[in-house]
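Colleague: Dropping a structure here in structure tokens format, bear with me for questions.
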Amino acid sequence: MQSLVDRQYIDPSPCKGLGGGRIVDSGQLRDWRTGGCLVLSDLLPMKLVDELQEQVATLSDKDGFGVESALTFPSESHALNLVTVHPRVIALSCQLLGVPEDTIRLSQSEAWGKTGIDAKEFAKRKPRQALDQRIHCDYPNHTLVHPSPWNNPDAVSFILYLSDHQVTGGGTALVRRTGNKDPAYGEGKLTWTPGVRGHWINDKTMAEENYKTRDPKVYKFRKTLYDREEILRFNKGTMLVYRQDLWHRGRCVNPGARRYVMNLTFRKAEAEWVGHWHPGWARKNYGLGWPIRKLETFIASLTPVQRTILGFPSPGSKYWNPFTLKAVEARYSPFGMDMKPYKDAYRTRREMELMSAKTGRAQLLYIASETLKAGYSWRGLRAMASLFVLLALLWKLVMN
């Protein structure tokens, strides 16, 4: 276990909350764009954080990151569900990704606990355990390809800490990017990580020993990453916001202590190559549905934007038509869901389509008139009119 002597620490900075969809200020936004992460305090109300911590401690009976449980969204923890779709989390994700609020999608939401062990038990650890994790980027577990160029991130991830570093230890280690010429983030370097280049080994010592023997070039490169580590000093409510192509790792929790965190990831809607971390929200209806109907009750309580990030069709989606509006209303109206935004958006869309169709017909009449003026025969005009009628019928079929 590594000493922290002479290590540099990162402390949280206040979340400004400037309004108008701006959650961080220009300096923090610049830090995100250059360094690839932010460490924030005050993003979420402490009352909600306290409720989440209490519920996670109650529901988390064993360690288990990445395991479907009562603490994966949609969760038996109501606080976890509220954090997942919290307006400030959504707004911050959109601000950092530079997209409108209805164009992101949730791909990960879960809480879990990590327990510290003594040196005797630590010596028995297995290669895939994350007690003292190897340095890595998250993208290999979230996509089958490679992250887009740095200035166009596909996704943003969050770690919400529900404990205090002074009690639990286990501060995340980060390697912040220094700029476009940072060798740690040079072309191809993000593939120099276990599971992409070499065996998938989670433990730091075992992974680096493997590289030292099998791939000395990668071993030397990765040593420079460990030399640059900065350790996050978190308190309850601290939020680490980071990219999936940021070098980082989890570190040992103090022996006997238990540290709780919540992980979130949002991707751009267009970034379909970023996978869904969980089996799917609707699948939880199998456990959270009848007879309690928790999931549908929760969905009905959300705003249209909150629903959209879960994959629910936005009010302006082409999914909506008289049939789907009635069917979805029948499903959710018993839980108090207001369908008015969807009905209004559909009505507006249809009015615009009809207006466009009328404009199209007017253009056809104008063309016919100009054709006659140009001296074309009635026979040719009738043939052209037949073609226009056919096109109009095809248009009507498409519009319906």
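The values are calculated or read from the model by the stated rules, or taken from the named source; none is laboratory data. For clarity, every value in this text was computed on a predicted model and none was experimentally measured. When we count neighbours, we look across all protein chains shown, and the Cβ atoms used for this are built from the backbone with ideal geometry, even at glycine. The area values use the complete protein model at the heavy-atom level, side chains included, leaving out ligands, DNA and RNA. Shrake-Rupley method; radii C 1.70, N 1.55, O 1.52, S 1.80 Å.
Colleague: For region 194-243, what are the residues that are more than 27 Å from Arg30 (Cβ to Cβ) and of a type in the set (Ser, Thr, Tyr)?
Modeller: Within region 194-243, Thr205, Tyr211, Thr213, Tyr219 meet the criteria.
Colleague: Give me the pairs: first residue in region 292-305 and within 11 Å of Pro74 (Cβ to Cβ) and surrounded by 15 or more Cβ atoms within 10 Å (Cβ to Cβ), second residue of a type in the set (Gly, Ala, Ser) and at pLDDT 95 or above, beta-carbon distance under 9 Å, and six or more apart or on different chains, which are they?
Modeller: Thr297/Gly336
Colleague: For residues that are free of Cβ contacts under 8 Å to residues at least 12 places away in the same chain and among the polar types (S, T, N, Q), tally how many sit in region 8-29. Working first, answer last.
Modeller: So in region 8-29, the residues free of Cβ contacts under 8 Å to residues at least 12 places away in the same chain come out as 18-20, 25-27.
Add one more test, that the residue is among the polar types (S, T, N, Q), and what stays is 26.
Going through region 8-29 one residue at a time, the tally reaches 1.
Colleague: Hey, another quick one. Can you name the residue in region 67-83 that is small (Gly, Ala, Ser) and more than 16 Å from Gly280 (Cα to Cα) and, of all such residues, is modelled with the lowest pLDDT?
Modeller: Looking at the filtered set, the residue picked out is Ser77.
Colleague: Next up: Looking only at region 311-328, count every residue that is closer than 23 Å to Gly280 by Cβ, open to solvent by less than 60 Å² (accessible area, probe 1.4 Å) and out of contact with any Pro (no Cβ under 9 Å at 6 or more places or on another chain) and tell me the total. Working first, answer last.
Modeller: In the first step, residues of region 311-328 are kept if they are closer than 23 Å to Gly280 by Cβ; the result is 311-315, 317-320, 324, 327-328.
So of that shortlist, the ones also open to solvent by less than 60 Å² (accessible area, probe 1.4 Å) come out as 311-315, 317, 320, 324, 327-328.
Applying the additional criterion that residues be out of contact with any Pro (no Cβ under 9 Å at 6 or more places or on another chain) yields 311, 313, 317, 327.
So the answer is 4.
Colleague: Considering only region 273-293, I want to know if a residue exists there that is modelled with pLDDT of 95 or more, under 30 Å from Gln133 (Cα atoms) and in a loop (DSSP other than H, G, I, E, B). I'd like the intermediate steps shown before the answer.
Modeller: Going residue by residue through region 273-293, those that are modelled with pLDDT of 95 or more are 273-274.
Cutting the leftovers down to under 30 Å from Gln133 (Cα atoms) gives us 273-274.
In the following step, the residues that additionally are in a loop (DSSP other than H, G, I, E, B) were identified as 273.
Yes, some residue in region 273-293 is modelled with pLDDT of 95 or more, under 30 Å from Gln133 (Cα atoms) and in a loop (DSSP other than H, G, I, E, B).
Colleague: Among the residues that make up region 344-360, is at least one of them more than 26 Å from the chain's Cα centre (by Cα) and closer than 24 Å to Trp281 by Cα?
Modeller: no
Colleague: Report, by residue number, each residue of region 254-277 that is open to solvent by less than 10 Å² (accessible area, probe 1.4 Å) and more than 12 Å from the chain's Cα centre (by Cα).
Modeller: Selection gives Val261, Met262.
Colleague: Could you tell me whether Val196 is under 21 Å from Leu131 (Cβ atoms) and either modelled with pLDDT of 95 or more or outside any strand (DSSP E or B) (or both)? If you could, list the steps in order and put the result at the bottom.
Modeller: Details: under 21 Å from Leu131 (Cβ atoms): no; either modelled with pLDDT of 95 or more or outside any strand (DSSP E or B) (or both): yes.
The answer is no for Val196.
Colleague: Can you give me the ranges of the helices (runs of 4 or more DSSP H) entirely in region 8-116 with at least 2 residues that are polar (S, T, N, Q) and more than 21 Å from His248 (Cβ to Cβ)? Quick ask: steps written out before the conclusion?
Modeller: Working: elements: 26-35, 46-59, 78-84, 87-97.
Correct list: 46-59, 78-84.
Colleague: Among the residues of region 160-186, count how many are open to solvent by 20 Å² or more (accessible area, probe 1.4 Å) and farther than 18 Å from Thr34 by Cβ.
Modeller: First, the residues of region 160-186 that are open to solvent by 20 Å² or more (accessible area, probe 1.4 Å): 164-167, 176-178, 180-181, 183, 185-186.
Filter once more, keeping what is farther than 18 Å from Thr34 by Cβ: 164-167.
Residues that pass the stated criteria total 4.
Colleague: Please pick out the residue among Gly198, Gly179, Gly186 that is touching a residue at least 40 places away in the same chain (Cβ under 8 Å) and not hydroxyl-bearing (Ser, Thr, Tyr). Break it down stepwise before answering.
Modeller: Numbers: Gly198 fails: touching a residue at least 40 places away in the same chain (Cβ under 8 Å); Gly186 fails: touching a residue at least 40 places away in the same chain (Cβ under 8 Å).
None of the others qualify; the one that does is Gly179.
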